[in-house]
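This report concerns only the one structure given below.
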Amino acid sequence: MPHATGRVDAARAVVFSPLEDLGRAELVEQRLTDAIVSGVLRDGERLPSETELARSLGVAVVTAREALEGMRDKGLVQTRRGRDGGSFVTYDRDAAARMLQARLRASSRIELRDLSLMVRAVAGTAAEIAADRASEDDIESLVTIDAQADLTTAGGARRALSRFQLETAAISQSPRLVHEEIRLQSEAGPLLWLCLGEQEYRDRSACARREVIAAIRAVDPAGARDATAAHVMSAFGWLVDQRARLEAEDPTGRRTGREEAAS
């Protein structure tokens with residue numbers, strides 16, 4: 001099973017891996033933004049140069065430059081000149097919250113459902129396989145993560161959830177599942193787990209972890225998968241309701257025409 005440091009390195013490797021689609025500045029910006037919001041890239045961290053970023057993501061230098069400009073406009077990146085210059089992460093919680101709300105408002109119900117289905121498929125499969133393969137030491141590592149969870153803040157709950165799901169994927173002994181879990185945590189996690197801003201959902205998340213642990217301990221693959229799936233779908237339900245609340249607060253933010261019909 002990989003060590004924690006290796007997992008952090010793996011997460012960063014995913015952030016700076018080539019984009020699957022032809023590189024557009026919006027895709028580069030979204031990936032880096034999600035990595036910042038999810039904590040993979042931390043406040044004050046120096047980003048690769050435009051040339052290095054373009055090479056690692058498989059895009060043109062002008063595309064990487066445009067993405068960084070967009071992030072500067074949003075207050076996520078600050079560029080300094082000189083010998084020790086470069087682009088540095090400037091994480092602002094309020095700005096991040098506004099961006100996530102804007103992203104939620106721009107997502108249709110169909111898109112949110114698809115996002116949750118993908119997370120459910122990967123996390124649920126990892127839990128199912130882990131229930132067949134977990135050793136006593138593996139189970140204890142999950143118990144420790146749960147016991148150390150800080151449920152007093154959204155950030156603490158997110159970190160506990162991320163660690164738990166990544167540990168479960170590692171226990172499955174599938175490198176592909178681990179890779180997909182890391183990728184989804186970076187790209188989907190910040191939006192999907194917005195519900196953890198509420199104490200009720202932080203408590204629900206803790207209950208879900210204990211259900212998964214109990215199922216893995218009982219060698220109950222279906223139970224582990226179902227508990228994980230129910231957790232994800234609860235988050236999806238909250239997202240749909242929150243999107244409706246945001247639109248009710250600002251009806252002018254609604255989309256019209258075909259986009260609105262698709263929601």
Subject >> Residue-by-residue Karplus 3J(HN,Hα) for region 172-188, coefficients 6.51, -1.76, 1.60, Hz, glycine and proline x >> reply: 5, 6, 10, x, 5, 5, 4, 4, 5, 4, 4, 4, 5, 4, 6, 8, 10
Subject >> Scattering profile of the chain at q = 0.15 Å⁻¹ [log10 I(q)/I(0), Debye over alpha-carbon scatterers] >> reply: -1.14
Original post:
If each of residue 143 and residue 240 carries a label point 7 Å out from its Cα toward its Cβ, how far apart are those two points in nm?
Top reply: 3.7
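Residues with beta-carbon under 9 Å from that of residue 187, excluding residue 187: net charge, scoring Lys, Arg +1 and Asp, Glu -1?
Details: positive: 31, 183; negative: 34.
With Lys, Arg at +1 and Asp, Glu at -1, the net is +1.
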**OP:** Assuming R0 = 51 Å, can you tell me the calculated FRET efficiency for the pair residue 55 and residue 210, based on Cβ-Cβ distance, to the nearest 0.05?
**Re:** 0.70
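Determine the gain in length on full extension of the stretch residue 173-residue 233; use 0.36 nm per residue of separation and subtract their C-alpha separation, reporting nm with one decimal.
Extra length available between residue 173 and residue 233 comes to 19.1 nm.
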Original post:
If you take the beta carbon distance between residue 62 and residue 88 as r and set R0 to 30 Å, what does 1/(1 + (r/R0)^6) give as a FRET efficiency, to the nearest 0.05?
Top reply: 0.90
Subject >> Two-site label geometry, residue 135 and residue 106: point separation in nm, points 7 Å out along Cα→Cβ >> reply: 4.6
Subject >> Two-site label geometry, residue 153 and residue 248: point separation in nm, points 7 Å out along Cα→Cβ >> reply: 3.0
Original post:
Roughly what angle does helix 221-249 make with the longest principal axis of the chain, taking Cα atoms, 0 to 90 degrees, to the nearest 10?
Top reply: 40
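What net charge do the residues around residue 128 carry, taking every other residue with its C-beta under 11 Å from that of residue 128, with Lys and Arg at +1 and Asp and Glu at -1?
-1
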Subject >> With Cα atoms, 0 to 90° folded angle of helix 61-73 axis to the chain main axis >> reply: 80
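Readers should treat all values here as calculations from the given coordinates under stated rules, not as data from a laboratory. Given the structure is predicted, the values throughout are model-derived calculations rather than measurements. Virtual Cβ from ideal backbone geometry, glycine too; neighbours counted across all protein chains shown.
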